[in-house]
Amino acid sequence: MATLMAPNQGMLQEGAREEKGENARMASFVGAVAMADLVKSTLGPKGMDKILQSMGRGHEVTVTNDGATILKSVYVDNPAAKVLQDISKVQDDEVGDGTTSVVVLAGELLREAEQLVGQKVHPMTIIAGFREAEAVAKAELTAAAFSNAEHPEAFRNDLLNIARTTLSSKILTADKDHFAELAVDAITRLKGSGNLEAIHIIKKAGGALKDSFLDEGFILDKKIGVGQPKRITDAKVLIANTPMDTDKIKIYGARVRVDSMAKVGEIEAAEKNKMREKCQKIIDHGINCFINRQLIYNFPEEIFADAGVMSIEHADFDGIERLALVLGGEIASTFEHPGEVKLGSCKLIEETMIGEDKLIHFSGVALGEACTIVLRGASSHILEEADRSLHDALCVLGETVKEPRVLYGGGWPEMRMARAIEEAAKKTPGKKSLAMEAFARALRQLPTTIADNAGLDSADIVATLRAAHGADPGASRMGVDMIAGAAGDMRELGIYESFKVKQQVLLSATEAAEMILRVDDIIRCAPRQRSG
Amino acid sequence: MSLAFDDYGRPFIILREQGSKSRVRGTEAVKANILAAKTVARTLRSSLGPKGMDKMLQSPDGDVTITNDGATILEQMEVQHQIGKLLVELSKSQDHEIGDGTTGVVVLAGSLLEQAESLLDMGIHPLRIAEGYEMACKVATAHLDSIATKWDFSPEEVEPLVQTCMTTLSSKVVGRLKRQMAEICVKAVLAVADLPRRDVNLDLIKVEGKVGGAMEDTRLVEGIVIDKDFSHPQMPKELKDVKIAILTCPFEAPKPKTKHKVDIDTVEKFESLRHAEQQYFIDMVQKCKDAGAGLIICQWGFEDEANHLLMHHNLPAIRWVGGVEIELLAMATGARIVPRFEELSPDKLGFAKCVREVGYGTTKERSIIIEGCPNLSAVTIWVRGGNRMVLDEVRRSLHDALCVARNLVRDNSIVYGGGSAEIACSLAVEAAADKVVGVEQYAMRAFAGKVVGVEQYAMRAFADALEAVPLALAENSGLPSIESLTAVKARQLAESNPHLGIDCNDAGTNDMREQNVFETLIGKRQQMFLATQVCKMILKIDDIIQPSQYD
C-alpha cells in the first residue's frame, strides 16, 4: 500500500513528463540550438540545400534551402524547437524572406544566453539586457536605413539589388540577373499596390531556367472548348461561376415524377431548353469569350461554338478571381440583366504553346498591373524550388515597394547593430551589460555563418569588418564579399536588403529567445492515444 | 488489503473488489493529500510575481503553450491526482470570479497545507487546524479591509486604473509594453462600462489576434473585428456610413422543416418551378435593397446566384458570421437580428461609420473591421505578436488585466501589492493569536480575546503561510528571500506602515505607494477565502479509497 508518493508520481497522467529548472532550460536550449544548426548551413549565397523526403505515400522529395520550408517539414518533439518553427513560419507569412536568418539569430541568442546562465546570471536579467540591446539595435537599424523612393531610377536599382541579393542564396543564383529583372519588372507593374495576387507564376517543366520569361498579360493553364475560335481580338469576356452541366433545381424536395416515356422526353426537352435559354442569355451579353469556374458540358459548349464564342471551363476559384481582377469584369452567377453586368475585356486571347502544352494567353488586359511569370526548368524539383525562391524575392520586393527603406547586405546591418550595442553596453551598469554584449556577439554570428558557409576564413573577415566599422562608425559600408572572399564595400557590390525584413528578423528572433528563456519548467502531457 | 478477519483468518469482504483497491486512512491520508497539493503549488511557485518564470506545456497533440498564468498552467497540466484537481479547480474559480491572482491563490493554499503538516505532527486534530485557519482568515480579511484605500477615478482621470493594470501586466511577457497595454485595457473597459451601475460586461470586449507584426502593433478597435471576408471577391473593400442588416436566414432556396415533396410531372410545372426559383432569389435581394441596407451580414451561406445578385445590386455582404459575433454586431450597430426576409424593415437596420477589409502580410488572410458604431458598447482589442505562443500569452495577459480593471470599476478599493498586504495580514493574525491588542488596533480586537487553545497554533501557522507569498516574490526576483522578508516585516512593525512590500523591480524603495503597485481588494480577499476553504476541505478528508492503478 503506497502511503507517500514520490513528488509528481501520480500527480500527472501516466506518460506525462515534467522537467524543471536547469533541466528544463537545458532541454529548451538544446532543442532550439539544434534547430538553428539544422538550417544554419543553408544561410547565405553559398548555403547548401537540404533534401526533404516526406513520410507519406510516395516518399516525395523536396530539395530546398528555404528555411521556412525546411522547418515546416521537420517533425520535432522539442517544445522549444517548435517555437523556432513557428517564428520562421510567421516570418514567411509576414515578409516572405529571412526565414533562415530569424531562426539562426534566435538560436545564436540562446546559445549566448546559455553561457550567461552558466555564469549564474539570472534569466530575467538576461532578458532585460536583450530588451535593451534590441531597442538599441532597432534605433541603429532605423538610422542606418536609407531610401531612394523619390528617385525612380535609383529606386529601381535598389530593387534590382535587393532581388539579386535575395536570389543569390537560392537555386536561381546562376541566372540571378535575369530573374532579378523579371521580379522587379513584375513588381513595378503593380504600381506600388503590392498586391502579389496579380502576379501569376506558371511552372512548366522543360527548357532551362534561363528560358523563364515574364509575360505582360495573363496566362491560364486551361483548354479552349472544341470547335471554338482559338484566337479572338478585342475580346469581351464574361466571367462566371454557374453550373453549366444540368442546372439543378434548388428548391428543396423537388422531384420529377412522370407516368410515361413521352413525359420523360418532354421534361428532357424542357431541361435542354432551359440550358439553351441560359446559354442564349449568356451570349446576349454580347460576348465572345465565356469563362466558367465550373465545368461546361458538351451541350452548352456546342451552343457556344455555334455562336462563335470561346468557352473555357474549370477555371478554378483562384483562377477566376485573378481573371476577374485582371480583366476587370465581375464574376457573374445570374444572367438576367445583360446590360448591367460588367464584362471583362482584353485585346487578344490566343492559344500559345509553351513546351508541349497549350495555354491560353490573354494580352492587352484592362488591368495593366497583371502579369504572368512562366518558369521553365529541367525537373519539377527545380521548378518547385525556383517558385519558392521567386516567391521570396517577390515578397521582399513587394514589402520594399510599400516601405522603401533599404539597407546594405552581407552582414553590414548586423555589424552596425553589434557595434552600437557594444557602445551602449559600455555605458550600462549592472549585469545587464553582459547580456547586451552577448546580443552583439550573436548578431556577429550571422556574417560569420555566411562566411563559414562559403568556406571563407570567417574569423578574419569578421574581425576586419569589426575594425572597419569601429574605425568609421556609421559611415563604413563594409560587409562580407563572397566573391573576393574578403571584406568589401557593399554599395559597390550592390548587395542590398530590405529594411522591413531585417527589422522583422530582429524583433521576432528576440521575442522568441525571450520566450524560451523565460521558461523554467516543461510539462508534457501524455500523448493522446490514437485508436488504430 | 483487508480490514478484518474471521476465525479462520479469511478476510471479510466489505468493499466490492476489495483486493484490487488501495486505501489510505487517518493522518496518513491527510498527509498524502497535503503532499499532492504541495507538489502542485510548488510547480506554480516560481511563476509568481513580476520576475516569475514561464512554463512550457506540451499538449497531448504536441501543441506548445508558454505561459505564466496560473490557471492556464494548471488546466493544461492535466493533473490526475484528485487533490491536485481540487487545486486546479481553486485556481479556476479565482479566474472566473476575479480573473487575476490565479497563481497567488494556489501558492497560498500550498503553503497553508505545508504549515498544517507540521501542526499535524504536533498531534493537533485536522479539524482544529481548519477552524483555526478559518478564524485567522476572518482576522486577515478584516485587516485587509482596514488597510485598503479607495482610489477614485473618473472617465477623465484613469491613471489609478492604468497603474493597477500595469501591476498585473508586469508579471507577463508583455511587461516591456505594459504602459501601452494597460492603457488599451482601461480604454476598453471604460468604453463598455456602465459607470452609474458600476457594471462591466466583459463579453463586449473581444480580444482577437493575428500572428505577425510586433506586439507594439496591438491596438484597440472601437468596433468589431470579424475574421471573415466579403462574400464576393469584387465587392468594395471599404464602406462609409453604411446601414447594416443582420440576417439569420440563408440566401438559399427555402427549406421547409416539414417533410414534403414537390412533384413535377409536366413541362409547365417544370417551367414554373424554375421561374419561381429565380424569382425567389430576386425577391430576397430586393427586400434587402428596399429596406435600405448597405451591408448584409448573414449567419448562413449564400447560393452562388444570390451572391452574384447581391454584388450586382451593390449590396456587399458577409457570410458565415458566427452567432456570438452576430449578437455583438447587433448590440454595437443597433441593428435587430432579422430571422426572415419578410421582417426586414428600415428601422431594423444598424449603422456603422466605416467597414473595411484588411489583409495581412503575404498570406491571403483577411479580416473585416467595423468601426464607428452608434452604441460604442463593443470594442475589440486587436493583438499582434511574433509567433503563436506569444500571441496566446498576450491574449491571456490582457484578459487578466481587463478583469482587474473591471473589478476596480465594480469596487474601487485597492490594497498595495508586492506582498505588503500579505505581510500586514500576517502581522495582524499573529497579533490576534497572541491576544496582543495594542500595536495593531484592528477589527479583530473583540475577537482575539476568544482564541484560547490549539487554534492559536493554527492561527500562527496561517500567519506563517501568508508570508509564503512575499517569500516567493523575493525568491523569484533573485533577492535574498528571508533577509528581505524579515527586513520588510520589521519595518512594517516599527513604522506601522502596511504599504511596505518586497522591492521586486529593484526600484530602490520598499514603499509600494511610491512604486505604484496595487491589487484589487476583492481579488486579495477572494484569494484568502478560497485558499482557506480548499485547505479546510483537504484537511477534512481522512480516508482515500481508490482502485489500484495496476489491474
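Give the residues of the stretch A:477-527 that are more than 29 Å from residue A:402 (Cβ to Cβ) and of a type in the set (D, E, K, R), sorted by residue number.
Result: A:481, A:518, A:520, A:521, A:524.
Working carefully through the options B:229, B:199, B:265, find the one that is surrounded by fewer than 13 Cβ atoms within 10 Å (Cβ to Cβ) and either within 14 Å of chain A (Cβ to nearest Cβ) or touching a residue at least 60 places away in the same chain (Cβ under 8 Å) (or both).
Only one candidate passes the filter, namely B:199.
Here are some residues: B:474, B:465, B:458. Which one is within 14 Å of chain A (Cβ to nearest Cβ), over 20 Å from the mean Cα position of the chain (by Cα) and modelled with pLDDT of 75 or more?
B:474
Among the candidates B:168, B:149, single out the residue that is among the hydroxyl-bearing types (Ser, Thr, Tyr), surrounded by 21 or more Cβ atoms within 10 Å (Cβ to Cβ) and modelled with pLDDT under 85. It would help to see each step written out before you state the result.
On the way: B:149 fails: surrounded by 21 or more Cβ atoms within 10 Å (Cβ to Cβ).
Residue meeting the stated conditions: B:168.
I need every pair where a residue in the stretch A:374-391 that is farther than 15 Å from residue A:49 by Cβ has its Cβ under 6 Å from the Cβ of a residue that is aromatic (Phe, Trp, Tyr) and at pLDDT 80 or above, sequence separation at least 6 or different chains.
Here the result reads A:374/A:213, each pair linking the stretch A:374-391 to a residue that is aromatic (Phe, Trp, Tyr) and at pLDDT 80 or above.
Quick check on the stretch A:92-101: of everything there that is touching an Asp or Glu at 6+ places or on another chain (Cβ under 7 Å) and outside any helix (DSSP H, G or I), which residue is surrounded by the most Cβ atoms within 10 Å (Cβ to Cβ)?
Our first condition is that a residue be touching an Asp or Glu at 6+ places or on another chain (Cβ under 7 Å); within the stretch A:92-101, this holds for A:95-97, A:99.
Right, trim to outside any helix (DSSP H, G or I) and you get A:95-97.
Values: A:95: 28, A:96: 25, A:97: 32.
Filtering the stretch A:92-101 for residues that are touching an Asp or Glu at 6+ places or on another chain (Cβ under 7 Å) and outside any helix (DSSP H, G or I), the one surrounded by the most Cβ atoms within 10 Å (Cβ to Cβ) comes out as A:97.
Take the residues of the stretch A:131-144 that are more than 13 Å from chain B (Cβ to nearest Cβ) and surrounded by fewer than 20 Cβ atoms within 10 Å (Cβ to Cβ): which is nearest to the chain's Cα centre (by Cα)?
A:142
Is the stretch A:179-188 home to any residue that is farther than 30 Å from residue B:173 by Cα, hydroxyl-bearing (Ser, Thr, Tyr), over 18 Å from the mean Cα position of the chain (by Cα) and in a helix (DSSP H, G or I)?
Restricting attention to the stretch A:179-188, the residues satisfying the condition of being farther than 30 Å from residue B:173 by Cα are A:179-188.
Okay, now just the ones that are also hydroxyl-bearing (Ser, Thr, Tyr), so A:188.
With the extra rule that they be over 18 Å from the mean Cα position of the chain (by Cα), the set shrinks to A:188.
With the extra rule that they be in a helix (DSSP H, G or I), the set shrinks to A:188.
Within the stretch A:179-188, one or more residues are farther than 30 Å from residue B:173 by Cα, hydroxyl-bearing (Ser, Thr, Tyr), over 18 Å from the mean Cα position of the chain (by Cα) and in a helix (DSSP H, G or I).
Failed condition for residue B:334, given (1) modelled with pLDDT of 80 or more; (2) more than 24 Å from residue B:206 (Cβ to Cβ); (3) not hydroxyl-bearing (Ser, Thr, Tyr), with all others met?
(2)
What are the residues in the stretch B:30-64 that are more than 9 Å from chain A (Cβ to nearest Cβ) and farther than 24 Å from residue B:167 by Cβ, if any?
Passing the criteria: B:30, B:33, B:34, B:37.
Answer with yes or no whether residue A:464 is surrounded by fewer than 22 Cβ atoms within 10 Å (Cβ to Cβ) and either more than 8 Å from chain B (Cβ to nearest Cβ) or modelled with pLDDT under 85 (or both).
Details: surrounded by fewer than 22 Cβ atoms within 10 Å (Cβ to Cβ): yes; either more than 8 Å from chain B (Cβ to nearest Cβ) or modelled with pLDDT under 85 (or both): yes.
So residue A:464 passes the test.
Taking the stretch A:477-510 as the region of interest, how many residues are crowded, with 24+ Cβ neighbours inside 10 Å, more than 20 Å from residue A:158 (Cα to Cα) and not aliphatic (A, V, I, L, M)?
Residues that pass the stated criteria total 2.
Give me the residue from the stretch B:289-305 that is at the interface with chain A (Cβ under 8 Å from one of its Cβ atoms) and without any contact (Cβ under 8 Å) to a residue 40 or more places away in the chain and, out of that set, surrounded by the fewest Cβ atoms within 10 Å (Cβ to Cβ).
Of the residues in the stretch B:289-305, the ones at the interface with chain A (Cβ under 8 Å from one of its Cβ atoms) are B:303-305.
Within this subset, residues satisfying the condition of being without any contact (Cβ under 8 Å) to a residue 40 or more places away in the chain are B:304-305.
Values: B:304: 19, B:305: 26.
Checking each candidate, the answer is B:304.
Do we find that residue A:492 is more than 14 Å from every other protein chain (Cβ to nearest Cβ), in contact with a helix residue (DSSP H, G or I) (Cβ under 8 Å, 6 or more places away or on another chain), free of Cβ contacts under 8 Å to residues at least 24 places away in the same chain and charged (D, E, K, R) in this structure?
In short, no.
Counting only residues that are assigned to a loop (DSSP other than H, G, I, E, B) and within 19 Å of the chain's Cα centre (by Cα), which one in the stretch A:48-91 is surrounded by the fewest Cβ atoms within 10 Å (Cβ to Cβ)?
A:74
Residues A:459, A:526, A:471, A:438: which one is within 30 Å of residue B:172 (Cβ to Cβ), of a type in the set (Gly, Ala, Ser) and modelled with pLDDT of 85 or more?
On inspection, the qualifying residue turns out to be A:438.
Here's the yes/no breakdown for (1) touching a residue at least 60 places away in the same chain (Cβ under 8 Å); (2) within 14 Å of residue B:342 (Cα to Cα); (3) facing chain A (nearest Cβ under 9 Å):
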site	(1), (2), (3)
B:239	yes, no, no
B:248	yes, yes, no
B:279	no, no, no
B:282	no, yes, yes
B:287	no, yes, no
B:307	yes, no, yes
B:310	yes, no, no
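Just the residues that are assigned to a helix (DSSP H, G or I), under 30 Å from residue A:325 (Cα atoms) and either under 37 Å from the mean Cα position of the chain (by Cα) or of a type in the set (Val, Ile, Thr) (or both), please, taken from the stretch B:237-294.
B:282, B:285
Looking at B:410, B:395, B:388, which is the one that is within 14 Å of another protein chain (Cβ to nearest Cβ) and surrounded by fewer than 22 Cβ atoms within 10 Å (Cβ to Cβ)?
Every option except B:388 fails the conditions.
Quick check on residue A:281: is it at pLDDT 75 or above and either closer than 20 Å to residue A:223 by Cβ or out of contact with any Ser or Thr (no Cβ under 6 Å at 6 or more places or on another chain) (or both)?
Against the criterion (at pLDDT 75 or above and either closer than 20 Å to residue A:223 by Cβ or out of contact with any Ser or Thr (no Cβ under 6 Å at 6 or more places or on another chain) (or both)), residue A:281 qualifies.
Would it be correct to say that residue B:220 is of a type outside the set (S, T, N, Q), crowded, with 21+ Cβ neighbours inside 10 Å and more than 7 Å from every other protein chain (Cβ to nearest Cβ)?
No; evaluated as a whole, the condition is false for this residue.
Among the aliphatic types (A, V, I, L, M) and modelled with pLDDT under 85: does that describe residue A:159?
Taking the combined requirement at face value, the residue satisfies it.
Look through A:172, A:182 and report the one residue that is at pLDDT below 80, more than 14 Å from chain B (Cβ to nearest Cβ) and touching a Phe, Trp or Tyr at 6+ places or on another chain (Cβ under 8 Å).
A:172
When you scan the stretch B:374-381, do you find a residue that is of a type outside the set (Val, Ile, Thr), surrounded by fewer than 20 Cβ atoms within 10 Å (Cβ to Cβ) and in a helix (DSSP H, G or I), even just one?
no
Which residues, counting only those in the stretch A:73-130, are charged (D, E, K, R) and either within 13 Å of another protein chain (Cβ to nearest Cβ) or farther than 30 Å from residue A:170 by Cβ (or both)?
Across the stretch A:73-130, the qualifying residues are A:77, A:82, A:86, A:89, A:92, A:93, A:94, A:97, A:114, A:120.
Restrict the check to the stretch B:488-509 and report whether at least one residue is closer than 29 Å to residue A:125 by Cβ, small (Gly, Ala, Ser) and part of a helix (DSSP H, G or I).
Of the stretch B:488-509, the ones closer than 29 Å to residue A:125 by Cβ are B:488-492, B:499-509.
Within this subset, residues satisfying the condition of being small (Gly, Ala, Ser) are B:490, B:501, B:507-508.
Filter once more, keeping what is part of a helix (DSSP H, G or I): B:490.
Yes: the stretch B:488-509 contains one or more residues that are closer than 29 Å to residue A:125 by Cβ, small (Gly, Ala, Ser) and part of a helix (DSSP H, G or I).
Restricting to the stretch B:66-107, name every residue that is under 22 Å from residue B:408 (Cβ atoms), crowded, with 24+ Cβ neighbours inside 10 Å and either away from every other protein chain (no Cβ under 14 Å) or in contact with a strand residue (DSSP E or B) (Cβ under 9 Å, 6 or more places away or on another chain) (or both).
Matches in the stretch B:66-107: B:71, B:91, B:94, B:98, B:100, B:101, B:102, B:104, B:105.
The values are calculated or read from the model by the stated rules, or taken from the named source; none is laboratory data. What you are looking at is a predicted structure, and each value in this text was computed from that prediction instead of being measured. In this analysis, Cβ positions are derived from the backbone assuming ideal geometry, glycine residues included, and neighbour counts consider all displayed protein chains.
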